[in-house]
Amino acid sequence: MDNGKNGILITGRWELSMFELNDNLEIKKEIFFESIIYTIDNFYKHPHDIKNYLFSEPAPLHKIDETPSNNNVYFEDRRLFKDDERLIHVVDFLGSLVSQKPWTYEIITNQTRFYNHEFNDIDNCHWWPHLDEGYNGIVYFNDDMENGTNIYYERNKQEMLTEHYKPWRLKKDFRVLKHLEPKFNRLVFFDGYKLLHGMNIANKRYFSQEYRNNQVFFFEQDN
């Protein structure tokens, strides 16, 4: 089986991928703190099919065996990890933009929602500012222009804790440098190793039955 740019060769014929990229993608670049942030609208050709494929059912709870944890107590952080060869060309395309190797070729999703509890103090706190190993890609699958991704400056050094124990951090300890606005079928792609980041929870939209649904990609810095 040979993998092509937009499909898989099966018994001598091309089967178009559900994850086919749109033709003539407009790749917007912004220099930010000596790093490039990429934004690509209308990323996938069939985004509604992908949304149905990835988010029709809740994904498994993420790191549910980690202790201490408040996942599935005050909020739900769910992730899907799934092998699908139809994604290979997408990962390779993103890697070619930044010359980094992928952490994985798997499909990875983020599904998050919150319970109505004082633990989820969105007025005074930001959700889990953190760094990753390299470039991060996020494709947004909600019709939402507010609850995107923030990039932060850390004013006060934070205690290292497990991700799901005390994910909310006081706003006074961080300054928002930039908000990457979400949009259905928009990809944002930024250096998660250089830029402290986390999801922006601007309102209580996801304090309901609705999940905040993203597909994510992770790459690694060269050693």
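The values are calculated or read from the model by the stated rules, or taken from the named source; none is laboratory data. Source: prediction; values computed, not measured. Positions of Cβ are backbone-derived with ideal geometry, glycine not excepted, and every protein chain shown enters the neighbour counts. The protein model used for the area step is the full one, side chains on, heavy atoms only, and it has no ligands, DNA or RNA in it. Shrake-Rupley method; radii C 1.70, N 1.55, O 1.52, S 1.80 Å.
Table for the structure above
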{"item": "In region 94-105, the residues that are open to solvent by 50 Å² or more (accessible area, probe 1.4 Å) and on the phi < 0 side of the Ramachandran plot", "result": "S96, K101, W103, Y105"}
{"item": "Single unsatisfied condition, F33 versus (1) open to solvent by 60 Å² or more (accessible area, probe 1.4 Å); (2) free of Cβ contacts under 8 Å to residues at least 40 places away in the same chain", "result": "(2)"}
{"item": "All positions within region 131-156 that are assigned to a loop (DSSP other than H, G, I, E, B), of a type outside the set (F, W, Y) and open to solvent by less than 30 Å² (accessible area, probe 1.4 Å)", "result": "G134, N142, D144, N147, G148"}
{"item": "Region 135-153 residues that are free of Cβ contacts under 8 Å to residues at least 40 places away in the same chain, paired with ones that are among the basic types (K, R) (beta carbon under 9 Å, 6 or more apart)", "result": "M145/K183"}
{"item": "So E76, is it at pLDDT 95 or above and open to solvent by less than 30 Å² (accessible area, probe 1.4 Å)", "result": "yes"}
{"item": "Test: residue in region 83-99 that is within 30 Å of L161 (Cβ to Cβ) and either part of a strand (DSSP E or B) or small (G, A, S) (or both)", "result": "no"}
{"item": "Residue match in region 50-60 (condition: over 27 Å from H164 (Cβ atoms) and either part of a loop (DSSP other than H, G, I, E, B) or open to solvent by 30 Å² or more (accessible area, probe 1.4 Å) (or both))", "result": "yes"}
{"item": "Tally, over region 7-32, of residues that are among the hydrophobic types (A, V, I, L, M, F, W, C) and at pLDDT below 95", "result": "6"}
{"item": "Number of positions in region 116-130 that are surrounded by fewer than 14 Cβ atoms within 10 Å (Cβ to Cβ) and touching a Phe, Trp or Tyr at 6+ places or on another chain (Cβ under 7 Å)", "result": "3"}
{"item": "Subset of region 157-190 (residues that are assigned to a loop (DSSP other than H, G, I, E, B) and within 27 Å of E30 (Cα to Cα))", "result": "E181, P182, K183, F184, N185, R186"}
{"item": "Any hit, region 190-212, residues being buried (at least 20 other Cβ atoms within 10 Å of the Cβ), aliphatic (A, V, I, L, M), modelled with pLDDT of 95 or more and farther than 13 Å from H130 by Cα", "result": "yes"}
